[in-house]
Amino acid sequence: MAEQYTQVSEFDEKVIQISRVSKKTKGGSKMGFSVLMVVGDRKGKVGVGLGKAKDVMSAIQKGIKKAKKHLITVPIDGTTIPFRVLMKKGAGQVLLKPAPKGSGVIAGGPVRAVVEAAGIRDISSKILGTQNQASNVYTTFAALTQISQIVKLKNISLKSLAQVESEEVAKMTEEQKRLSGVSQTAVEKPAKRVVAKKKTGITKKKSTKK
């Protein structure tokens, strides 16, 4: 994976992938380059952009410009994300999980590039789909976007969100226990009824013979 670190203004800029592309025209094929960029301020803002141009430097500048146009603000709980998220986008599938302080970034190259640019210092991740770098970058960005949208929709603080999540997990556990108890009694009751019907059927036959 091609990586390049530069710093302009308050944003860190990272080259993720450089690809050679060709475009067919009436006059023949025109060669060019596409560059996938990740930019972030390491304080919660991160963006992804793809730039295309005849030369690499122009493609990089276009990628940076597009990434800055699509910046999102990721809610960071201390040094990690507030809750786990599983995101599937095309062939890419990425799982992001919160990690205790001091754990570090446990992630592969494409995922690491995005979360570090956002300023997340502790996180655990797993790539479950394709190993394509560009696909995993976009999927990770989509996962962080989903976290941001959920927090905005709920309109609550990160502490409240964590409390709500723990309460929901507790309720689900209690509900599962209750349902398992109900299912056991439901299995036992029909067996008793079948036995009772057989007994009554036998007594009726005896009475008719008499």
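Bear in mind that the values in this text are calculations on the coordinates, not laboratory data. Everything quoted here is computed from the prediction, not taken from an experiment. Neighbour counts run over all protein chains shown; Cβ positions are idealised from the backbone, glycine included.
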Distant-in-sequence amide H partners of G119 (H built 1.01 Å from N, under 5 Å) = R42, G44
Neighbourhood net charge (9 Å Cβ-Cβ; Lys/Arg +1, Asp/Glu -1) for K97 | +2
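Quick check: net charge around V74, other residues with Cβ under 13 Å of its Cβ, Lys/Arg +1 and Asp/Glu -1?
Details: positive: R42, K43, K45, R121, K152; negative: D41, D77, E116.
Neighbour charge sum, excluding V74 itself: +2.
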Long-range HN-HN contacts of T130 with modeled amide H, under 5 Å = G92, Q93
Cβ under 13 Å from N136's Cβ, N136 left aside: what net charge do those residues give with Lys, Arg +1 and Asp, Glu -1?
-> +4
Could you run the Debye sum over the Cα atoms of the range 1-93, one equal point scatterer each and no solvent, and tell me log10 of I(q)/I(0) at q = 0.13, 0.19, 0.24 Å⁻¹, two decimals?
-> -0.55, -0.95, -1.19
Taking θ as phi - 60°, what are the ³J(HN,Hα) couplings along the range 105-120 by the Karplus curve (6.51, -1.76, 1.60), each to the nearest whole Hz, with x for Gly and Pro?
-> 8, 9, 7, x, x, x, 5, 4, 4, 6, 5, 5, 5, 6, x, 7
Pop a pseudo-label 7 angstrom from the Cα along the beta-carbon direction at both D55 and N132 and give the gap in nm to one decimal.
-> 3.0
Gyration tensor (Cα) of the range 5-161, equivalent ellipsoid semi-axes in angstrom | 31, 16, 14
Of the listed links K24/K66; K45/K126; K52/K152; K66/K88; K14/K154, those spanning more than 29 angstrom between alpha carbons are K52/K152; K14/K154
